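Here the structure comes first, spelled out in structure tokens, and everything after it is commentary.
The values are calculated or read from the model by the stated rules, or taken from the named source; none is laboratory data. Here the structure is a predicted model, which means the values were calculated and not measured. In this analysis, Cβ positions are derived from the backbone assuming ideal geometry, glycine residues included, and neighbour counts consider all displayed protein chains.
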Amino acid sequence: MNKRSILLVDDEPMVLIAMERIFGTMLDCQVVKAASGAEALKILEQQPFDIVVSDMSMPGMSGAKFLDIVHELYPRAMRMVLSGRSSRDQGLSTVGSAHQYFMKPGDVMTISKRLRGVLSLREMLPAEGLGPIIAKVDTLPSAPDIYRELEEEVNRPDTSAEAIGRIIEKDVAMSAKTLQLVNSAFFGLREHVSRPAQAAALLGTSLLKSLVLAVHVFSSVSKTDPRSAFVKKLWAHSLNTGMAVREIALMEKAGQEAVEEAYIAGLFHDIGKLIIAMNLPDAHDHIERMIAEKNMLNTLAEREALGATHSEIGAYLLALWGFSNAVVEAAVFHGAPRDNGKTDGFPILAAVHVANVLDHEASDSKNVAHAVLDTAWLDKSGLAEKPSAWRAALGSA
């Protein structure tokens, strides 16, 4: 395996030296430094990089403009902002080009840990092809009916962030993007936000309107698109799973933060299917045919068509966007929790695994193959009796 490479871009020499030492040690990677966006682009012409970390306020080309170019020309690279000041305007200027936004100097260690996790997930993907496609995803489309409801709400003269938030919380794509934005360092929040509605309230009505009407950070699948029915079904399953996982967390008397994180983990567990459908339409169609004609599990069909599953693809994007380990792990392991083997604290992964299977049992046709409960893993994890109790409480007995 080639050694990982990282390009650091900052006009402050001492900052570059400090970052070189930390990133080089923690990530065991080749570090290349550039003092400006223009210099960095010349370097990028000569060699590819796994990671690009850029300051925002530099003379000449701004960090936002530089990352826009990297996003377009070098989609393989993970794109991170490491800025010296918190600014919503700066954050919005990178909404489509940066995966995460950190503050210096305090976040240098944090970004190193985050990148290490993202890199390990990328190793699950085929060496070429999928990584650049996922890294270039800056937003995901919403179900048409919910997007229309959002547009109507933001155009109401008496709308509020709370009303907009209630709509956002019902949609996978809107929730993911809103949480990615509000948890970025440019907001300067001291606590991590797990509720999409709370995130919308923190963004505020004016900023939400800007995101919808001007920045176009949200989008919709056209009703005439043949994939719209698939997206609608996926939205319903994701919402059902998220709500079921939240109920399970409440039943298990988890703390409020764990309850909200559990909901997000359930809501986002199949986000990789949305990535495949909207960015790899030919592969999506081929996968759906294999599932229908051969009664294959979707993960087996995906592995055959792409060399990776929706679980791995979704987890990679969620890690790129800075979501918590619990949410990422639920995405990658919800179909095969035995591959993870951890049950620390409230078992969010177990709850997502069980809720996912129960919803498929309730809604899928009998001749459609879907994941089944991993009873051996649940027993080994000391959770053998939980599915029956959860099933009864959720009305799935």
Practice task
Have a look at 249, 265 and point out the one that is over 24 Å from residue 302 (Cα atoms), of a type in the set (Gly, Ala, Ser) and in contact (Cβ under 8 Å) with a residue 24 or more places away in the chain.
Solution key: 249
Fill in the blank from the handout: Of the residues in region 268-279 that are among the aliphatic types (A, V, I, L, M) and touching a residue at least 60 places away in the same chain (Cβ under 8 Å), the one that is surrounded by the most Cβ atoms within 10 Å (Cβ to Cβ) is 274
Practice task
Please tell me if residue 159 is closer than 26 Å to residue 276 by Cα and surrounded by fewer than 18 Cβ atoms within 10 Å (Cβ to Cβ).
Solution key: no
Practice task
Could you figure out which of (1) in contact with an Asp or Glu (Cβ under 7 Å, 6 or more places away or on another chain); (2) within 18 Å of residue 314 (Cβ to Cβ); (3) buried (at least 20 other Cβ atoms within 10 Å of the Cβ) isn't true of residue 164?
Solution key: (2)
Handout entry: Residue check for residue 108: modelled with pLDDT of 85 or more and at negative phi
Key = no
Handout entry: Residues that are in contact (Cβ under 8 Å) with a residue 24 or more places away in the chain and either among the β-branched types (Val, Ile, Thr) or outside the structural domain of residue 77 (by TED's automatic domain parsing) (or both), drawn from region 9-44
Key = 9, 15, 22, 31, 32, 43
Practice task
Sort through 89, 138 and tell me the only one that's in the same structural domain as residue 56 (by TED's automatic domain parsing) and either at pLDDT below 85 or over 21 Å from residue 198 (Cα atoms) (or both).
Solution key: 89
